[in-house]
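One structure below.
Quick note: the coordinates plus some simple rules give every number you see, no bench work behind them. For clarity, every value in this text was computed on a predicted model and none was experimentally measured. Cβ atoms come from the backbone with ideal geometry, glycine included; neighbour counts cover every protein chain shown.
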Amino acid sequence: MHHRLIIIGSGPAGLTAALYAGRANLAPVIFEGMQPGGQLTITTEVENYPGFPRGIMGPELMEVFRAQAQRFGATSLYTNVTNVDFRARPFRLRADGEEYAADAVIVATGASAKLLGIPSEKEYMGYGVSACATCDGFFFKGLGVVVVGGGDTAIEEATFLTKFASRVTIVHRRDALRASKIMQEKASRNPKISFVWDSVVEEILGKSEGGKKAVTGVRLKNVKTGALTQYAADGVFMGIGHRPNTELFVGQLDMDSVGYLVTKGRTTATNIPGVFAAGDVADSVYRQAVSAAGTGCMAALDAERWLEANAHD
């Protein structure tokens, strides 16, 4: 099956790209994968997306995005792309055993927060457990929170959270931070930040009343003594970093040392002409829904112009 434009990924970047590409009569096909809507589908309330003064639930926001893209001719396929070949045009993609061809591709596969991998983390995700302080910090005004990690990500999250939370406790498995010296000094000078060393989160504790779930604390294990302690907290933030979803493109698209896709200048163009990158997959700095949507718009415009210029290749 041959298409003018294929979009891999269905978060704010992918769906905004589909909206713009649809309005340009490119009839884009979106591979939404097994988690349609991206990271926002594990977010409860989104209060910082423009146009929704009362806030909106993350999955609902992505439904609105999708409906708007489909209104202009975008088609969603709910399968995972398992293989890509960008060595020649048309580009080849494989999903569910089927092969697809495309004149241009927008990669919007996002990034995934690194998580602890314990069941209670999944159970309370969006109900006190978060991997994004800038997204959810506002909900913890005057409350006590725990941040897991010891690198720059954890310290940045913790420092940001002190704008809202009454206390922020950093739990780290070692007895010293891995963060840069300047970040360490910043944290140690902040009266709202305290540390629990040599410890890991064994369990996230919570309650469920009247169908509403809430975090009440964590069970910590000291890695040196094995001692278990319970620590009260209203929220738990994962500060152990993000991993861009780029395994599929290794050896074909240029990446930085962490795996984020590298784009050219102020465009969304990758090292392969006709392949563009949008959203968190190429953004290690902002990682916000609104900035992802912005680059989705850019990628669609870049792809439209590129297709126009290379129509007879």
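Projecting the Cα positions of S188, S208, G151 onto the charge dipole of segment 115-238 (unit charges on Cβ atoms of Lys, Arg, Asp and Glu, taken about the Cα centre) puts S188 furthest along the positive direction.
If I take all pairs of Cα atoms in segment 1-68, what percentage of them are more than 17 Å from each other?
Of all Cα-Cα distances in segment 1-68, 42 percent exceed 17 Å.
Shape analysis of the chain based on the Cα gyration tensor places the equivalent ellipsoid semi-axes at 39, 20, 17 Å, largest first.
In whole Å, how far is the Cα centre of segment 82-124 from that of segment 21-67? Cα centres, segment 82-124 to segment 21-67: 17 Å.
Extending 7 Å from the Cα toward the beta-carbon at both E185 and K122 defines two label points whose distance is 4.4 nm. Cross-link reach is defined here as a Cα-Cα straight distance under 19 Å, omitting same-chain residues fewer than 8 places apart; for K181 the aspartates and glutamates meeting it are D152, E156, E157. The calculated P(r) of segment 115-238, using every Cα pair and 10 Å bins from 0, goes 14, 48, 33, 5, 0 in percent. Segment 223-245 and segment 156-184 have Cα centres spaced 12 Å apart. Here the 3J(HN,Hα) profile of segment 76-83, calculated from phi with Karplus coefficients 6.51, -1.76 and 1.60 at θ = phi - 60°, is 9, 10, 9, 9, 8, 6, 10, 7 Hz, Gly and Pro shown as x. If you wrap segment 89-150 in the convex hull of its Cα atoms and look at it from every side, the mean projected area works out to 7.6 nm². Take every pair of alpha-carbon atoms less than 8 Å apart whose residues are at least six positions apart; their mean separation over the length of segment 1-107 yields a relative contact order of 34 percent.
Suppose a student asked you for the relative contact order of the chain, using Cα pairs under 8 Å spaced at least 6 residues apart; what percent would you report? Working shown, then result.
Details: 727 pairs, mean separation 63.7, N = 313.
Over the chain, the number comes to 20 percent.
Just need the relative contact order of segment 115-238 here, percent rounded to a whole number, with Cα pairs under 8 Å and 6+ apart. Reported relative contact order: 30 percent. Between the amide H of I30 and those of I7, T75, S76, L77, distances stay under 5 Å, these residues lying 5 or more places away or on another chain, with hydrogens modeled in the peptide plane.
Is the shape of segment 164-299 best called rounded, prolate or oblate, per the rule: a/c under 1.5 gives rounded, else a/b larger than b/c gives prolate, else oblate, with a ≥ b ≥ c the square roots of the Cα gyration tensor eigenvalues? All intermediate terms of the calculation are to be shown ahead of the outcome.
On the way: a/c = 2.36, a/b = 1.91, b/c = 1.23.
It is prolate, given that a/c is not under 1.5 and a/b is the larger ratio.
Projecting the Cα atoms of V129, P90, I118 onto the charge dipole of segment 72-134, computed from C-beta unit charges around the Cα centre, puts P90 farthest toward the positive end. Once both labels are positioned 7 Å from their Cα atoms along Cα-to-Cβ, the gap between D96 and L228 label points is 4.4 nm.
Angle between the Cα long axis of helix 152-161 and the longest principal axis of the chain, 0 to 90 degrees, nearest 10? Helix 152-161 sits at roughly 70 degrees to that axis.
Output needed for segment 1-119: three equivalent-ellipsoid semi-axes, defined as square roots of 5 times the C-alpha gyration tensor eigenvalues, in descending order, whole Å. Provide the component values of the computation, followed by the final result.
Working: eigenvalues 138, 70, 21 Å².
Taking √(5λ) for each eigenvalue gives 26, 19, 10 Å, largest first.
Put simply, the amide H of E202, placed in the peptide plane, has neighbours under 5 Å in R219, L220, K221, leaving out anything fewer than 5 places away on its chain. The string of couplings for segment 132-139 from the Karplus curve (6.51, -1.76, 1.60, θ = phi - 60°) is 8, 5, 5, 7, 10, x, 4, 6 Hz, one whole number per residue in order, with x for Gly and Pro.
The loop-placed trypsin sites (Lys or Arg not before Pro) in segment 3-69, going by DSSP, that have at most 16 neighbouring Cβ atoms within 10 Å of their Cβ come out as R54. Rounded to the nearest Hz, the phi-derived 3J(HN,Hα) couplings of segment 177-189 under the Karplus curve 6.51 cos²θ - 1.76 cosθ + 1.60 (θ = phi - 60°) are 6, 9, 5, 4, 4, 5, 5, 4, 5, 4, 5, 5, 7, where x marks glycine and proline.
Near the amide H of R243, within less than 5 Å, lie the amide hydrogens of S112, A113, K114, all on another chain or at least 5 residues away, with H placed in the peptide plane. Would you mind checking K163/K186; K163/K192; K114/K207; K141/K163; K141/K192; K122/K212 for any pair whose Cα atoms are more than 19 angstrom apart? Exceeds cut-off: K114/K207. For segment 185-240, the Cα gyration tensor yields ellipsoid semi-axes of 24, 17, 9 Å (square root of five times each eigenvalue, largest first, whole Å). For the chain, the cysteines with no partner cysteine C-beta closer than 4.7 Å are C297.
Computed about its Cα centre, the charge dipole of the chain is approximately 800 debye, with only Lys, Arg, Asp and Glu carrying charge at their Cβ. Taking the Cα centre of segment 115-238 as origin and assigning +1 to Lys and Arg Cβ atoms and -1 to Asp and Glu Cβ atoms, the resulting dipole is close to 240 debye. With everything on Cα atoms, drop me the angle between helix 289-309 and the longest principal axis of the chain, reported from 0 to 90° to the nearest 10. It works out to around 20 degrees.
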